[in-house]
1. If a residue counts only when it is touching a Gly at 6+ places or on another chain (Cβ under 9 Å), which strands (runs of 3 or more DSSP E) contained entirely in the chain have at least 1 such residues?
2. Between a first residue in the stretch 19-39 that is among the polar types (S, T, N, Q) and a second residue that is at pLDDT 95 or above and not in a helix (DSSP H, G or I), which pairs have beta carbons less than 6 Å apart while being 6 or more apart in sequence or on different chains?
3. Return the residues of the stretch 49-75 that are among the polar types (S, T, N, Q) and open to solvent by 100 Å² or more (accessible area, probe 1.4 Å); say none if nothing qualifies.
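The values are calculated or read from the model by the stated rules, or taken from the named source; none is laboratory data. Predicted model only: the values in this text are computed from it and were never measured. Every residue, glycine as well, gets a Cβ built from its backbone with ideal geometry; the counts of neighbours run over all protein chains shown. The accessibility values were calculated without ligands, DNA or RNA, using every heavy atom of the protein model including side chains. Shrake-Rupley method; radii C 1.70, N 1.55, O 1.52, S 1.80 Å.
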Amino acid sequence: AQIRYMAVEEKYQGRDLGSRILRELERKLFEKGADEIILKAREKTVSFYENNDYEIYKDGEILFGEIKHYWMRKR
């Protein structure tokens with residue numbers, strides 16, 4: 001399964017909303033039989049996903065010449 005375009009508006013960050021949304025998405029995906037979830041994370045969000053048990057498995061592209069991305073997964 002793949003998660004795409006997940007974000008929490010900046011003024012609401014730091015309230016555990018992103019992790020709560022992510023856990024619910026994961027629950028539903030694993031419940032439906034997914035054995036792995038992948039996503040592409042901007043460099044500044046990698047630590048958020050690592051804190052939610054995702055790992056980098058491949059470098060992604062650099063968008064607009066400056067926004068580095070990484071492919072991450074959780075099994």
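1. Ranges flagged: 37-42, 67-74.
2. Taking only residues 6 or more apart or on different chains, the pairs are SER19/ASN52.
3. Selection gives ASN51 alone.
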